[in-house]
Amino acid sequence: MIDSETSFDPSSMQVTICGKSERVRPMEAKLLSYFLANQERFISYEELFRALWSFDDTPDESTVRSYVKNLRKILKKDFITSQRGVGYRFERV
């Protein structure tokens, strides 16, 4: 449960908002799970790279920004905030 209207099931990779479900892509599911496990603190790009990608498959920052942008669209609320030079933070609104 993310909030009273929004939930996430990592096993099915489904985000449900007000009873309507939407499947997220595997990397978006990993990213959302990581944000939920590390709420209320900033997570740097480097930490996300180490936690979610293999050394051989490390993306650039624009790839991470793209995944975060997609999650923001799916979640439809400002759960994910960013601070330039610091990283991202997931906050329950």
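The values are calculated or read from the model by the stated rules, or taken from the named source; none is laboratory data. Just so it is clear, the structure is predicted and the values come from calculations on it, not from any experiment. In this analysis, Cβ positions are derived from the backbone assuming ideal geometry, glycine residues included, and neighbour counts consider all displayed protein chains.
Which of the residues belonging to the range 41-56 are touching an Asp or Glu at 6+ places or on another chain (Cβ under 6 Å) and not aromatic (Phe, Trp, Tyr)?
So the first thing to find is which residues in the range 41-56 are touching an Asp or Glu at 6+ places or on another chain (Cβ under 6 Å), and the list is 45.
None - no residue of the range 41-56 is touching an Asp or Glu at 6+ places or on another chain (Cβ under 6 Å) and not aromatic (Phe, Trp, Tyr), so the list stays empty.
How many of the residues in the range 54-76 are polar (S, T, N, Q) and at pLDDT 85 or above?
Of the residues in that region, 4 qualify.
Return the residues of the range 74-90 that are without any contact (Cβ under 8 Å) to a residue 60 or more places away in the chain and under 11 Å from the mean Cα position of the chain (by Cα); say none if nothing qualifies.
Of everything in the range 74-90, those that are without any contact (Cβ under 8 Å) to a residue 60 or more places away in the chain and under 11 Å from the mean Cα position of the chain (by Cα) turn out to be Ile74, Ile80, Thr81, Tyr88, Arg89, Phe90.
Working only within the range 51-77, note down all residues that are under 23 Å from Phe8 (Cα atoms) and either touching a Lys or Arg at 6+ places or on another chain (Cβ under 6 Å) or not hydrophobic (A, V, I, L, M, F, W, C) (or both).
Leu52, Thr63, Arg65, Ser66, Tyr67, Lys69, Asn70, Arg72, Lys73, Lys76, Lys77
Are any residues in the range 29-65 surrounded by 13 or more Cβ atoms within 10 Å (Cβ to Cβ) and of a type in the set (Gly, Ala, Ser), and if so, which ones?
The answer is Ala29, Ser33, Ala51.
State all residues of the range 1-26 that are touching a helix residue (DSSP H, G or I) at 6+ places or on another chain (Cβ under 8 Å) and at positive phi; if no residue qualifies, say none.
Going residue by residue through the range 1-26, those that are touching a helix residue (DSSP H, G or I) at 6+ places or on another chain (Cβ under 8 Å) are 2, 6, 8, 10, 13, 15, 17, 22, 24-25.
Hit for the range 1-26 is Met13, nothing else.
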